[in-house]
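Notes follow the structure.
The values are calculated or read from the model by the stated rules, or taken from the named source; none is laboratory data. None of the values given here were measured: they were computed from a predicted structure. Glycine also receives a Cβ, built like all others from the backbone with ideal geometry; neighbour counts cover every protein chain displayed. Each accessible area value is taken on the protein alone, full model and side chains, heavy atoms only, with ligands, DNA and RNA left out. Shrake-Rupley method; radii C 1.70, N 1.55, O 1.52, S 1.80 Å.
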Amino acid sequence: MKILLLSAYDAASHAYWHRGLVANLGQHQWTVLTLPPRYFSWRIRGNSLSWAYSERECLEQDYDLLIATSMTDLSALRGFVPHLAGIPTLVYFHENQFAYPESGREYGTVEPKILNLYTALAADHICFNTDYNRDTFIDGCRRLLKKLPDQIPAGVIEQLERRSSVLPVPLPQSVFLPHAPQPGPLRLIWNHRWEFDKGPELLLRAARQLCETGVDFRLDLVGQQFRRVPEAFQELRALLGDRLGHWGYVESVAEYRRLLQQADVVLSTALHDFQGIAVLEGVAAGAMPLVPGRLAYPQLLPASGCYCSGEGETQSLVDSVIHLAGLKRAGQALSAPDISALSWDNMAPLYEGLLHRVAVEGV
């Protein structure tokens, strides 16, 4: 098949996914167009304009299938380039705009949510990386439609449900590595974007309590950083002292993988995660997950790796770390769950089946 893939806001997780598609479904002829992940408000509204008038020749080629991310302004792009309207289309949702926590700096516009809805309705099929993503999207659309004043057609939600499925973002074989635990204290790694939605405040609260109890641990704090870094990180740096392991973004992929292999526990404190690739890569390298019992995590990882959510979340996280530190001190191995089912080797046939159904059967 000749496939056109559009990634309208090509963040790291989006690139991770489409590069995996191209590498593991190489029997197809791929054309990939991307736009950089910056200027969010403009990018999600302007991608149709940008592509329609700068990539028209490419867009008007003959394709058997169009794959677009949910950030793509698909309905407008099909209006600008009518040729695209005749191509079977799959939209992949890495996330949805209904389930993001608010930072307080939002503009208060409903437009990103409307764009998600219109793009989904313009597709022949929509696919989500987790049930959590699909459920929060469907529920968000339902609530939004109820708020609109009039002229809302019936059956929109049922149409979205009927044309949707779930397939996680697969993991490349390169992340499945032998565990290399180190002697000494419990080693934790927190490997997420340094932004408010990844829960640095929860991490700080838990670290304070752990330091007060005197439990012996080391924490590697790695991940992508931006111009605005939450103050919690500097507080963590000062608080942890010699309990702090690696600090900051790891440029070397090999060094990052080594840190994952040496970790006993890969930790998340996220306020939102639609799949949690960073945690899954840690688990693939042998680290035990310690993640909130909410979001997408309970659908992907065993309950033993989830701490309780709600009012006692910080205490539950602290208690879990203390328990795991005790197990390591007693010489008991901390074993990661088997997530090989999420590898590209196992999931490539499922993706191939999905692409075939949309392109050939139109469902």
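Brief remarks on what is shown
- Take every pair of alpha-carbon atoms less than 8 Å apart whose residues are at least six positions apart; their mean separation over the length of the range 258-302 yields a relative contact order of 45 percent.
- Using alpha-carbon coordinates, inclination of helix 131-147 to the longest axis of the chain, degrees: 60 degrees
- Total formal charge among the other residues, if their Cβ is under 14 angstrom from that of G286, Lys/Arg +1 and Asp/Glu -1: +1
- Between helix 111-122 and the chain: long-axis angle, C-alpha atoms, 0 to 90°, nearest 10: 60 degrees
- Computed over the chain, the per-residue total of -39500 (n - 2.57) for DSSP H runs of n ≥ 4 gives a 222 nm mean residue ellipticity of -12500 deg cm²/dmol, rounded to 500.
- Of the chymotrypsin sites (Phe, Trp or Tyr not before Pro) found in the range 191-267, those in coil by DSSP whose Cβ has at most 15 other Cβ atoms within 10 Å are F226, Y249.
- Taken per residue, the accessible surface of the chain reaches 45 Å², heavy atoms only and a 1.4 Å probe.
- D by Stokes-Einstein for the range 1-160, Kirkwood Rh over Cα pairs, 20 °C, 1.002 mPa s: 131 µm²/s.
- Full-stretch length increase - L49, V110 - with 0.36 nm per residue and alpha-carbon distance subtracted: 20.0 nm
- As a ratio to 2.2 N^0.38 Å, the alpha-carbon radius of gyration for the chain is 1.05.
- Rolling a 1.4 angstrom probe over the range 28-74 with all protein chains present gives an accessible area of which 47% lies on carbon and sulfur atoms.
- Cα shape, the range 283-361, gyration tensor, a/c 1.5 rule: oblate
- Prolate/oblate/rounded call for the range 195-253, Cα gyration tensor, a/c under 1.5 rounded: oblate
- Nearest-ten-degree value, helix 231-240 long axis tilted from longest Cα axis of the chain: 30 degrees
- In this calculation the C-beta distance from D345 to V166 is compared with R0 = 22 Å, giving a FRET efficiency of 0.70.
- Relative contact order computed over the range 284-363 (Cα-Cα under 8 Å; 6+ residues apart), in percent: 29 percent
- Shown here for the range 239-338: GluC sites (Glu not before Pro) in loop regions (DSSP other than H, G, I, E, B) with at most 10 other Cβ atoms within 10 Å, namely E251, E311.
- Taking the square roots of five times each eigenvalue of the Cα gyration tensor of the range 218-363, the equivalent ellipsoid has semi-axes of 31, 19, 17 Å, listed largest first.
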